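Working notes, beginning with the structure itself.
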Amino acid sequence: MKKNLLILGIETSCDETGAAVYHPEFGLISHALFSQDHHKYFGGVIPELASRSQLEKITIIVQQALHDANVSLQDIDAIAVTNKPGLAGSLLVGVCFAKALAWTENKKLIGVNHLEGHAFSPFLEHCVPFPHLSISASGGHTALYRVDGFGDFTLLGQTLDDAAGEAFDKVAKMMNYPYPGGPIIEKLAQEIHFSDTRSYPRPKEKTLNFSFSGLKTAVLYDLVDQGAYDLHTREFLRPEDHRLKQEVASSLLVCIGDIFEQKIALAYKQHQDIKAITLVGGVACNKYLRQRLSTWSNNHNLVFYAPSPQFCTDNGAMIALVGYHKAHRGEFSNLLLDIFE
Ligand code: KG4
Ligand code: ZN
């Protein structure tokens with residue numbers, strides 16, 4: 001295998017430590033990931049714990065990615081690293097590590113925006129036609145983009161408050177489930193075939209921005225009205241009521257499905273030249289949401305793509321891929337690369 005032009009990608013923006021090696025001809029040739037799970041006891045990511053864990057894992061994860069790709073650091077041409085947005089301490093671990101490697105090994109350095117990484121993550125497995133619309137939804141952000149090419153994308157709308165994943169995480173937490181809440185919400189909803197018994201209010205505003213805090217509050221007051229949640233002690237009072245948990249989870253998921261579909265439909269009206277729809281970010285692991293957008297796309301003669309779950313959540317592969325395209329365009333960073341917006 002030709003071993004030049006190799007990109008090492010590093011991702012440490014939150015609670016995942018990822019590293020990957022990307023080859024221009026063969027694509028992704030390795031990727032290694034460590035997911036922290038101690039945050040589940042706290043109902044969300046604790047920044048101080050996240051950055052300490054990043055520091056503990058980064059060397060071994062980068063070594064593993066290089067080993068699995070059967071290359072050495074000397075074979076690597078450029079090091080791509082997530083430099084924003086994310087948790088400051090976690091980002092600093094990856095950025096300082098990448099800078100140190102770039103400096104000592106005399107490699108090119110490429111700063112990659114984490115959201116750009118998610119936006120292009122479907123290209124790890126598919127050749128998605130341009131232009132397309134992309135919903136990017138995770139625990140930290142929710143946004144809608146028009147994507148015209150590599151490095152050429154426009155933000156059409158974003159959340160004004162909470163992220164979609166945060167709505168799943170917070171509602172799960174209200175019902176005593178650990179972080180992350182998305183997978184358990186999906187499981188509960190599936191058990192009652194995604195029925196919408198509680199019909200939470202849909203946003204009336206016809207813009208491309210998102211808002212999930214009202215929905216989260218609607219769920220909270222629904223639980224309070226049912227005598228299932230104590231606002232003062234923040235205690236879930238009906239842990240044995242599985243049916244209630246199923247109904248809340250399912251109605252929340254269906255509501256978020258409606259919101260995603262509504263935003264895509266509105267964006268499509270304004271961007272009739274688009275050829276495809278993508279769903280990316282941790283929330284894109286959700287099979288129900290994938291199915292909803294896939295069906296909508298089929299009905300509008302558009303193709304739908306979402307990455308496989310391993311590339312929906314944070315990973316080094318998407319950073320290596322974007323790094324490759326930036327290198328191709330000659331967009332390198334210097335050692336002053338920082339983590340600020
Ligand atoms: O992209 P990601 O790994 O990290 C961030 O950048 O935030 O996304 C994590 C988010 C969490 O909010 C988690 O609850 C959500 O993705 N998530 C899901 C599912 N799996 C993970 N949300 C809905 N359904 C899922 N199956
Ligand atoms: Zn992410």
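No value in this document is a laboratory result; all are computed from the given coordinates. Treat the numbers as computed from the prediction; the structure is a model and nothing was measured. Positions of Cβ are backbone-derived with ideal geometry, glycine not excepted, and every protein chain shown enters the neighbour counts.
Here are some notes:
- Net charge of neighbours whose Cβ lies under 9 Å from the Cβ of G89, counting Lys and Arg as +1 and Asp and Glu as -1: 0
- Folded to 0 to 90 degrees: helix 213-225 orientation relative to the chain principal axis, Cα: 40 degrees
- Expressed in units of 2.2 N^0.38 Å, where N is the residue count, the Cα radius of gyration of region 99-162 is 1.38.
- Region 129-306, relative contact order in percent, only Cα pairs under 8 angstrom and at least six apart counted: 28 percent
- Simple point charges give the picture: +1 on the Cβ of Lys and Arg, -1 on the Cβ of Asp and Glu, and for the chain a dipole about the Cα centre of about 440 debye.
- Taking the longest Cα principal axis of the chain as reference, the axis of helix 287-299 is set at about 90 degrees.
- Cβ charges +1 (Lys, Arg) and -1 (Asp, Glu), total dipole of region 129-306, debye: 320 debye
- For the chain, calculated [θ]222 nm from helices alone, where every DSSP H run of n ≥ 4 adds -39500 (n - 2.57): -13000 deg cm²/dmol
- By other beta-carbon atoms within 10 Å, ranking Y177, Y288 with the fewest at the front produces Y288, Y177.
- The GluC sites (Glu not before Pro) of region 5-107 meeting both criteria, a DSSP state outside H, G, I, E and B (loop) and at most 13 other C-beta atoms within 10 angstrom of the site's C-beta, are E25.
- Amide H contacts of F304 (H built 1.01 Å from N, in plane; Pro and chain starts excluded): I277 sit under 5 Å, all sequence-distant by 5 or more or on other chains.
- If you bin all the Cα-Cα distances of region 76-219 at 5 Å, starting from zero, the percentages per bin are 2, 8, 13, 15, 16, 16, 13, 9, 4, 3, 1, 0, 0.
- Charged neighbours of K108, selected by a Cβ distance under 13 Å, balance to +1 (K, R count +1; D, E count -1).
- Taking all Cα pairs closer than 8 Å and separated by 6 or more residues, the relative contact order of region 1-105 comes to 36 percent.
- Relative contact order (%) - the chain, alpha-carbon pairs under 8 angstrom, separation at least six: 24 percent
- Convex hull projection area averaged over all views, the chain, Cα basis, nm²: 17.3 nm²
- For region 1-94, the Cβ-based charge dipole about the Cα centre amounts to some 60 debye (Lys, Arg positive; Asp, Glu negative; other atoms uncharged).
- Degrees, to the nearest 10: 242-270 long Cα axis against longest axis of the chain: 60 degrees
- Which listed pairs, of K204/K245; K204/K287; K40/K107, have C-alpha distances above 29 Å, in listed order: K40/K107
- For region 156-201, a Kirkwood radius taken over Cα pairs fed into Stokes-Einstein (10 °C, viscosity 1.306 mPa s) yields D = 135 µm²/s.
- All C-alpha pair distances within region 1-79, sorted into 10 Å bins from zero, spread as 20, 44, 23, 11, 2 percent across the bins.
- Where N is the number of residues in region 288-341, Cα Rg divided by 2.2 N^0.38 Å: 1.67
- When both region 282-297 and region 19-72 are represented by their alpha-carbon centers, they are found 26 Å apart.
- Computed over region 204-341, the ratio Rg/Rh where both radii use C-alpha atoms and Rh is Kirkwood: 1.08
- Volume per residue that the Cα convex hull of region 129-306 spans, once the total is divided by residue count, Å³: 108 Å³
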